[in-house]
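The values are calculated or read from the model by the stated rules, or taken from the named source; none is laboratory data. Remember, it's a predicted structure, so these values are computed and weren't measured experimentally. Don't worry about glycine lacking a Cβ; one is built from the backbone with ideal geometry, like all the others, and counts go over all protein chains shown. Areas reflect the complete protein model, heavy atoms only, side chains present, ligands, DNA and RNA absent. Shrake-Rupley method; radii C 1.70, N 1.55, O 1.52, S 1.80 Å.
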Amino acid sequence: MYTDSQRLKGKQRHRPDTDNEEEYSQQPSQRLKYDDSTVNWNEEVEIDIEKHKSMFIEFQRKVKDTVRLALACEFKKTAIKRDDINKKVLQDHKFEFKRLHRAANDKLRYLFGFEMVDLPVKEKILAGSRRDGKEVPGSGSKGYMLLNALPEKYNVPELFKYKDEEYENVGVLYCILALIFVNEQTLSKGELEEHLNRLHVTDETQTFGDRDKLLDNFVKQGYLLRKKNNLAANDPNADPDAGIEYYWGPKAKVEIPEENIVNFITSVYNPENTNINKLTEYVYKSAGFSVP
C-alpha cells in the first residue's frame, strides 16, 4: 500500500540531475528567435508601393482598352462579346472581369453618356406555326450593348446628328418592327416582303440598295431575329424561304421600348377625331396583349 505522500511523489515531473540550481535555470531556451535587425523596412515598403502602383496602372490600361472596344462595337453596330473582352483585354486574368466591367461602365457613363448593358438571353422558337409558336429561354448570349444613359433633359433630337442614310434606315427599321409588333410579334418573310413592296422598298432601290442585304444588316446588328419554324425545317422538299419568320432581335428589345413603337404607330395611323386611347388599346391587342 502506498501512502498519499508516496502517490504525490510519483506524479512529480523528473528533474535533471544537477548540483547547481543556477546552472539549470540559465540553460538556453529551445525556441528560435527572429532577428529583424538586418531587414531594411523602408526598402520593403517602397517595393510594395511600386508593385501596387504598377498593378493599378495596368488595370487602368485594361479599362481604357475595354472602353475603346465597346465604342468600336457600337460604331459598327455589333454586339460587345464577353469572349472578345477576355481574349483581347484580360487574356490570362479572366477572374477580373466583374471588376473591369464595373470600372469600364463608370468611365463610359462619365465621359460618353453610355452604359454597357446585357443583351437579352436568346430564346428558342418552338414553332408549329407562327400563331401557336412558343418562346422558351435559351442559352445566355454573354453579349452587351451600349445604351444611352444621358439624363432626360439631354435626350432631344437637336443634339444628335446622323447622316441621311442612317435616318432612312432607321425609318425602315421602325416600320418593320411596328409590322412585326402588331402581327402578334412575328411576321413571315413573304408577308414582310409584301408590306415592304407597298412602301416601295423593293428588291433593288436607289435609296436602300439591295433589300435582302438591308435585312441581313438588321439581323447582324441584332435588331431583327430571323428563324425557320420547325415544320419547314424538317421538310426536305420545302422551299428554302418557306417557314422563315422575323421577330424583334435582342438589341431592339433593349434599345426600343414597346411604348415607343405604339406611339409611332398611333402617330402615323391616327386620323382626326379618333379616340387615341381606343387606338392604343387596339394596337396592344393586335400585338397579343390582354387589355382589360
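Values for this structure:
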read-out	value
Pairs where the first residue, in region 161-175, is closer than 16 Å to Tyr223 by Cβ and assigned to a helix (DSSP H, G or I) and the second is open to solvent by 70 Å² or more (accessible area, probe 1.4 Å) and β-branched (Val, Ile, Thr), C-beta under 8 Å, 6+ apart	Glu168/Thr207
Subset of region 70-94 (residues that are under 14 Å from the mean Cα position of the chain (by Cα) and more than 24 Å from Leu224 (Cβ to Cβ))	Ile85, Asn86
Among (1) modelled with pLDDT under 90; (2) over 26 Å from Ala72 (Cα atoms), the one test that Glu191 misses	(1)
Count - residues of region 62-86 that are assigned to a helix (DSSP H, G or I), modelled with pLDDT of 90 or more and in contact with a helix residue (DSSP H, G or I) (Cβ under 9 Å, 6 or more places away or on another chain)	14
Conditions (1) loosely packed, with under 15 Cβ neighbours inside 10 Å; (2) under 26 Å from the mean Cα position of the chain (by Cα); (3) modelled with pLDDT under 85: number failed by Ser141	(1)
Those residues of region 58-94 which are hydroxyl-bearing (Ser, Thr, Tyr) and surrounded by fewer than 17 Cβ atoms within 10 Å (Cβ to Cβ), in sequence order	Thr78
Residues (touching a residue at least 60 places away in the same chain (Cβ under 8 Å) and part of a helix (DSSP H, G or I)) located in region 218-230	Lys220, Gln221, Asn230
Residue match in region 193-213 (condition: under 15 Å from Ile244 (Cα atoms), open to solvent by 20 Å² or more (accessible area, probe 1.4 Å) and part of a loop (DSSP other than H, G, I, E, B))	no
Members of region 254-292 that are more than 14 Å from Val182 (Cα to Cα), acidic (Asp, Glu) and at pLDDT 85 or above	Glu255
Verdict on Phe97 being loosely packed, with under 11 Cβ neighbours inside 10 Å, assigned to a helix (DSSP H, G or I) and among the aromatic types (Phe, Trp, Tyr)	no
